[in-house]
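What follows draws every value from the coordinates through simple rules; no lab data is involved. Because the structure is a prediction, the values reported are computed rather than measured. Don't worry about glycine lacking a Cβ; one is built from the backbone with ideal geometry, like all the others, and counts go over all protein chains shown.
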Amino acid sequence: MKLIVQKYGGTSVASHESRLAAARHIEEAVDAGYGVAVIVSAMGRKGDPYATDTLLGTVSHSQVTTKRDLDMLISCGEAISAVVFASLLRSRGHQVTVLSGQQAGIITNNDYGDARILDIQPTLVTDALQRREIVVLMGFQGVTEDGDITTLGRGGSDTTATALGAVLNADYVEIFTDVDGVMTADPKLVPNASVISNISYAESFGLCSHGAQIIHPRAVQMAMQKNVPIRVRGTKSDSRGTIINNTSVAEDAPLEETEKQEITGITQESDLTQMSFDGHHVSKSDVLSTVVESGLSVEFFSTNQESLSFVVSELYVEPSLKALKEKGIVPEKTSECAKIAIVYTDFANKANLLRRVIEIFLKLDIEVHSSGDSHSAMWFLVDKKHMGTCVNELHKEFFALDDASVLVGS
């Protein structure tokens, strides 16, 4: 049987209108002869009645709620979403089976709030698909071997979709979102950002790891390991979207379109804070050991012979300051920062790319607080107020010749 696993995020199931759009995509796949397993997230985003963050807020002031209990609570968001969506599909004449993570056979470890999938035993899923029913699964959740409900952390529904797609040997995993695919930049910042028609797993992982809010990096990594093609599409669009697989060029692309772009895309992350330390007065090893022992989540480090700095999200500012204070370490704090990253694949051209990026920052007279790089990306920390200007100027520099709305390759 041909099979597609489709995942719909919170905004894709938040309203009746968006659920109708999602239902039409499912019906299109059914009409094309596919069996369809649908993964749904909780409806909406923070502030909406059944969103995950809203559910968490109901016990946010409790000091006695365990992580195990919290997972039981926030798994309810997906349960509500799945039943509501299944009801819509049934009203349109479809046979539907709704399954929880436990019923779908998703076995995890007991790292509550950020569990990892250990195994999937999808007997009930495959049975329903064999009956030609649409299967609606509650994303983001699983169960331990002892029967405790767990959740998979941020992006958990993406992980559910790719893991299930791998086990079922799906033809595609489709991730539906509120944009038309993977973009060269955030369209909310760059109005003329383009959809990339084909992108490799590695390029997609790079973009998502540096802030592109399309698909969770863990899901991309899982799909890459199992060689499961992903298609990212807009829920309210009929466009082809972006294909993520082993190559960044479509199989039927004309020869002249197979030449790769200099860079894959530009991403940004805001609300970051830099903690800086004078190496003459503070032991670098003391700072590093404090970070490790405290379990702080650090965006990146920057170091030279005379100084050390690290960057954390707003969530980790106070825990960082507290942990450092306990060791008698007082950092210089730079708040309201943003990280801008350029993801590329042509490592041999890295020096030229860096030169052009520096020239843009100099032209804009924007201070770079710190920077870093890897084999596939370079990133720069600037004041948050300059984020939009920097991203737009960099996009203009590297994508100025791309007049079409869809790019082939990256």
Between Arg154 and Gln95, what is the label-to-label distance in nm when each label sits 7 Å out along the Cα-to-Cβ direction? 4.2 nm
Rotationally averaged projected area of the chain (alpha carbon convex hull; nm²): 21.5 nm²
Report, in degrees rounded to the nearest 10, the 0 to 90 angle that the Cα long axis of helix 284-294 makes with the longest principal axis of the chain. 20 degrees
Report the residue, chosen from Thr273, Thr11, Thr66, that carries the largest GNM mean-square fluctuation when the chain is represented by alpha-carbon nodes joined by springs under 10 Å. Thr66
Please identify, among Ala351, Ala202, Ala115, the residue showing maximal mean-square fluctuation in a Gaussian network model of the chain using a 10 angstrom Cα cutoff. Ala351
Along the stretch 75-89, Karplus-curve 3J(HN,Hα) (6.51, -1.76, 1.60; θ = phi - 60°) to the nearest Hz, with x for Gly and Pro, reads 5, 5, x, 6, 4, 4, 4, 5, 5, 4, 5, 4, 4, 4, 4
Counting each DSSP H run of 4 or more residues in the chain as -39500 (n - 2.57), what helix-only mean residue ellipticity at 222 nm follows after dividing by all residues, to the nearest 500 deg cm²/dmol? -10500 deg cm²/dmol
Relative contact order, percent, the stretch 3-178 [alpha-carbon distance under 8 Å, six or more residues apart]: 29 percent
Rounded, prolate or oblate: which fits the stretch 265-407 when a ≥ b ≥ c are the square roots of the eigenvalues of the alpha-carbon gyration tensor, with rounded for a/c under 1.5 and prolate only if a/b beats b/c? prolate
Can I get the semi-axes of the stretch 3-178's equivalent ellipsoid? Compute them from the C-alpha gyration tensor as square roots of 5 times the eigenvalues, in angstrom, largest first. 26, 19, 12
In a Gaussian network model of the chain with springs linking alpha carbons closer than 10 Å, the residue among Lys236, Lys350, Lys188 that fluctuates most is Lys188
Give the separation of the Cα centroids, the stretch 69-91 to the stretch 165-189, in Å. 22 Å
Note on the stretch 272-347: alpha-carbon gyration tensor, axes a ≥ b ≥ c; rule is a/c under 1.5 for rounded, else prolate if a/b larger than b/c, else oblate; result prolate
Can you work out the Karplus-derived ³J(HN,Hα) for every residue in the stretch 169-186? Use 6.51 cos²θ - 1.76 cosθ + 1.60 with θ = phi - 60°, whole Hz, and x for glycine or proline. 6, 5, 5, 8, 10, 9, 9, 9, 9, 9, 10, 7, x, 6, 10, 5, 6, 5
Eligible lysines near Lys236 by straight Cα distance, threshold 19 Å, same-chain separation 8 or greater: Lys7, Lys188
Hey, got a sec? Which trypsin sites (Lys or Arg not before Pro) in the stretch 1-41 land in a DSSP loop and have at most 16 other Cβ atoms within 10 Å? Lys2
Please list, by residue number, every one of the GluC sites (Glu not before Pro) in the stretch 132-175 that is coil in DSSP and has at most 12 other beta-carbon atoms within 10 Å. Glu145
Give the residue list of GluC sites (Glu not before Pro) in the stretch 312-388 that are DSSP loop and have at most 13 other beta-carbon atoms within 10 angstrom. Glu367
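How many percent of DSSP beta bridges within the stretch 47-149 run antiparallel, rounded to 5?
Once the DSSP bridges in the stretch 47-149 are tallied, antiparallel ones form about 45 percent.
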Any chance you could give the angle, 0 to 90 degrees and rounded to 10, that helix 16-31 forms with the longest Cα principal axis of the chain? 60 degrees
Using only alpha carbon pairs under 8 Å that are at least six residues apart, calculate the relative contact order of the chain and give it in whole percent. 14 percent
Output wanted: per-residue J couplings in Hz (rounded whole) for the stretch 321-326, from phi through Karplus 6.51 cos²θ - 1.76 cosθ + 1.60, θ = phi - 60°, x for Gly and Pro. 4, 5, 5, 5, 4, 4
